[in-house]
Amino acid sequence: MAQTFVRRKSRLRVKGLKVKDREKVKEAIAISIQNGNYTTRDIGVDVGKDHSTISRYLAEMEREGGWGIKRDTNGNIVVSLQKQLAQQYRQLDKEPFNQLPSIQKWITFLKSGKTPASRIRYVVSVVYGISNQLKVMPETIISYGIPIDAAKRKEIAIEYWQNFLAWFNTAYPQMQRTNTINAYRSFLAAHNINFAHGEGKRYVCQLRRKD
């Protein structure tokens, strides 16, 4: 009797879940790309397939033309600089600390000035460190939502700043404060707490004299 071989169909899965057809897999890959995954390995990790399988799907999607897929010589997705920047901004918005109202407003302020996402991430991390060290929310530092006049809000922000500097100067006596100062000033400026030229240095000098 002749032996009959039955070819088994490969199971179509996305993130471990069964899907009905290859189009669903392609849709998952397209969504993964929209979410900022541009290499076959990153896409594979996201959708639950090995990178060689992803590469085959991408080649098929590129041939079809309707997916807007274009790849470089290494097989990675070619994305315009504008799209990359938009994706980097979207990733910023997803971070928990950045969802605080005062930080959201600050990030919007920075985006309007075309500040790169990498720079935004850095300055926000500085204010996160200040907030964490002082054990206060950033909203408290700038009296967010509290109906007091601008002069009082500024006075409160300066007091928190001086408290932080007192710790910083002791913990890191040799470290430059310029980047930290600029990040804090930017955060305050986003909430209409501004300093005249040279005014910020005066508060630092006052702190040194107290020490």
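For region 163-191, a tally of residues being farther than 20 Å from Thr108 by Cβ and open to solvent by 30 Å² or more (accessible area, probe 1.4 Å) returns 15. Taking the conditions (1) hydroxyl-bearing (Ser, Thr, Tyr); (2) assigned to a loop (DSSP other than H, G, I, E, B); (3) open to solvent by less than 70 Å² (accessible area, probe 1.4 Å); (4) not assigned by the TED database to the domain that holds Phe168 in turn, Tyr57 satisfies each one other than (2).
Each row is one residue, and each column tells you yes or no for (1) within 29 Å of Leu85 (Cα to Cα); (2) among the small types (Gly, Ala, Ser); (3) open to solvent by less than 10 Å² (accessible area, probe 1.4 Å); (4) touching a Ser or Thr at 6+ places or on another chain (Cβ under 9 Å).
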position: Ala117; (1), (2), (3), (4): yes, yes, yes, no
position: Asn132; (1), (2), (3), (4): yes, no, no, no
position: Ala150; (1), (2), (3), (4): no, yes, no, no
position: Ile158; (1), (2), (3), (4): no, no, no, no
position: Asn194; (1), (2), (3), (4): yes, no, no, no
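Condition test on Gln104, is it at pLDDT 85 or above, open to solvent by 40 Å² or more (accessible area, probe 1.4 Å) and within 30 Å of Tyr144 (Cα to Cα)? Judged against the criteria, Gln104 is a match.
Determine, yes or no, whether Ile148 is among the hydrophobic types (A, V, I, L, M, F, W, C) and more than 22 Å from the chain's Cα centre (by Cα). Criteria met by Ile148. Return yes or no: is Leu92 under 21 Å from Ile31 (Cβ atoms) and either open to solvent by 70 Å² or more (accessible area, probe 1.4 Å) or not assigned by the TED database to the domain that holds Asp42 (or both)? When the stated conditions are applied, Leu92 passes them.
Elements of the type helices (runs of 4 or more DSSP H) sitting completely within region 99-193 and holding at least 1 residues that are closer than 29 Å to Gly36 by Cβ: these cover 101-112, 117-134, 138-141, 178-189. Has region 100-110 got at least one residue that is free of Cβ contacts under 8 Å to residues at least 24 places away in the same chain and in contact with a Phe, Trp or Tyr (Cβ under 9 Å, 6 or more places away or on another chain)? Yes: one or more hits. Annotation note: of Phe97, Phe5, the sole residue that is at pLDDT below 75 and of a type in the set (Phe, Trp, Tyr) is Phe5. Criterion applied to Val78, Val47 was being touching a Lys or Arg at 6+ places or on another chain (Cβ under 8 Å), open to solvent by less than 60 Å² (accessible area, probe 1.4 Å) and outside the structural domain of Ala190 (by the TED database), and the one residue passing it is Val47.
The values are calculated or read from the model by the stated rules, or taken from the named source; none is laboratory data. Predicted model, so just to flag it, every value in this text is computed and none were measured. All Cβ positions, even for glycine, are placed from backbone atoms using ideal geometry, and neighbour counts span all protein chains on display. In case anyone asks, the SASA skips ligands and DNA or RNA and just uses the protein heavy atoms, side chains included. Shrake-Rupley method; radii C 1.70, N 1.55, O 1.52, S 1.80 Å.
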